[in-house]
Amino acid sequence: RLSRRAVSVDANPLSGLIGRVKTGFLNPTVRSDLDQLRAAVEGYIASRAPTKAGWQKSIINQYKTYIPDIPNIEKWFAESVVAELALIRFLISEITDGLASDAAQIALSRIILRVSYQDSETRYVAGPKSIHPGLALSAFVESLNTILRRLEYSASSLQRVDARFIVADSRTEIAEQIGSSSVELIVTSPPYPNATDYHLYHRFRLFWLGFDPRKLGHVEIGSHLKHQRNDTGIEEYNEDM
């Protein structure tokens with residue numbers, strides 16, 4: 001917003017996606033793509049297609065390449081949700097491009113927890129939830145409307161933003177991506193040691209966006225599970241930092 005050039009480096013691909021959307025400029029082409037996407041999803045809702053017998057299995061068979069390889073997927077997602085999320089991913093790939101695609105994927109990521117059986121944002125436990133056919137489609141439209149409102153609100157101050165988002169391991173790749181003596185201000189948000197597992201809590205978001213959370217788990221600094229697996233303490237964290 002201050003018209004300064006910005007570069008972000010984060011190992012979590014979701015971070016880069018969020019950053020691109022938060023600094024994206026809503027031009028007429030982006031708006032048109034997102035309007036078309038919303039209309040396509042609303043068409044399925046209006047036809048009540050998700051409630052018809054055999055629709056879910058048909059969609060799953062038709063768009064199975066858009067279903068991520070999630071272990072025990074039936075434990076975490078109802079069949080209707082799997083079908084609807086696969087359909088949404090297909091429509092995003094067919095209708096949108098560039099910033100519109102990024103915005104649609106953020107709208108999708110915002111609903112994953114809500115339509116899953118995962119207990120909460122910080123509890124990786126499956127529990128019973130009332131999931132009805134059509135829920136994922138309706139939730140996606142609501143989420144997309146929220147993203148559109150935020151893009152509209154920010155548009156006037158983001159016309160000339162120069163921001164770059166790099167998905168990389170800061171320990172080894174920063175020097176390859178950013179020129180020496182080129183940065184005047186550094187803002188950091190260090191991870192807490194042995195405290196949380198972002199790759200685990202964002203696991204299903206990453207899967208449904210086409211990423212592999214296991215890759216993030218291998219490089220995540222301060223990961224509780226990594227320290228537990230490696231039987232390491234503060235020494236490994238200090239070395240990483």
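The values are calculated or read from the model by the stated rules, or taken from the named source; none is laboratory data. The model shown is predicted, which means the values in this text are computed figures rather than measured ones. Backbone-built Cβ (ideal geometry, glycine too); neighbour counts: all protein chains shown. Heavy atoms of the whole protein, side chains included, go into the accessibility calculation; ligands, DNA and RNA do not. Shrake-Rupley method; radii C 1.70, N 1.55, O 1.52, S 1.80 Å.
Quick notes on this one:
Here is a yes/no grid of residues against (1) among the aromatic types (Phe, Trp, Tyr); (2) surrounded by 13 or more Cβ atoms within 10 Å (Cβ to Cβ); (3) closer than 17 Å to LEU91 by Cβ:
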residue	(1), (2), (3)
ILE112	no, yes, yes
LYS129	no, yes, no
LEU135	no, yes, yes
ALA139	no, yes, yes
ILE147	no, yes, yes
LEU151	no, yes, no
SER156	no, no, no
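- Considering residues of segment 160-177 that are surrounded by 11 or more Cβ atoms within 10 Å (Cβ to Cβ) and among the polar types (S, T, N, Q) only, the residue nearest to PRO191 (Cα to Cα): SER170
- Meets criteria (of a type in the set (A, V, I, L, M, F, W, C), over 21 Å from ALA104 (Cα atoms) and assigned to a helix (DSSP H, G or I)) for LEU216: yes
- For THR96: the one exception among (1) over 25 Å from PHE211 (Cβ atoms); (2) in contact with a helix residue (DSSP H, G or I) (Cβ under 6 Å, 6 or more places away or on another chain): (1)
- Being open to solvent by 60 Å² or more (accessible area, probe 1.4 Å) and closer than 21 Å to PHE207 by Cα holds for only one residue in LYS75, LYS52, and it is LYS75.
- Scan of segment 1-49 for residues that are among the polar types (S, T, N, Q), outside any helix (DSSP H, G or I) and open to solvent by less than 50 Å² (accessible area, probe 1.4 Å), ordered by number: SER8, ASN12, THR23
- Tally of residues being over 20 Å from the mean Cα position of the chain (by Cα) and either buried (at least 21 other Cβ atoms within 10 Å of the Cβ) or in a helix (DSSP H, G or I) (or both) across segment 191-206: 0
Results for (1) small (Gly, Ala, Ser); (2) at negative phi; (3) touching a Ser or Thr at 6+ places or on another chain (Cβ under 9 Å), shown as yes or no for each residue.
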{"residue": "PRO13", "(1), (2), (3)": "no, yes, no"}
{"residue": "LEU17", "(1), (2), (3)": "no, yes, yes"}
{"residue": "ARG20", "(1), (2), (3)": "no, yes, no"}
{"residue": "ARG31", "(1), (2), (3)": "no, yes, no"}
{"residue": "TYR44", "(1), (2), (3)": "no, yes, no"}
{"residue": "ALA53", "(1), (2), (3)": "yes, yes, no"}
{"residue": "GLU74", "(1), (2), (3)": "no, yes, no"}
{"residue": "VAL82", "(1), (2), (3)": "no, yes, no"}
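- Segment 192-206 residues that are closer than 10 Å to SER223 by Cβ, paired with ones that are among the hydrophobic types (A, V, I, L, M, F, W, C) and surrounded by fewer than 21 Cβ atoms within 10 Å (Cβ to Cβ) (beta carbon under 7 Å, 6 or more apart): PRO193/ILE234; ASP197/LEU225; LEU200/LEU225
- Selection count, segment 217-241, where residues are open to solvent by 90 Å² or more (accessible area, probe 1.4 Å) and over 12 Å from PRO193 (Cβ atoms): 4
- Flag for ARG89 being among the basic types (Lys, Arg), open to solvent by 20 Å² or more (accessible area, probe 1.4 Å), without any contact (Cβ under 8 Å) to a residue 40 or more places away in the chain and touching a helix residue (DSSP H, G or I) at 6+ places or on another chain (Cβ under 7 Å): no
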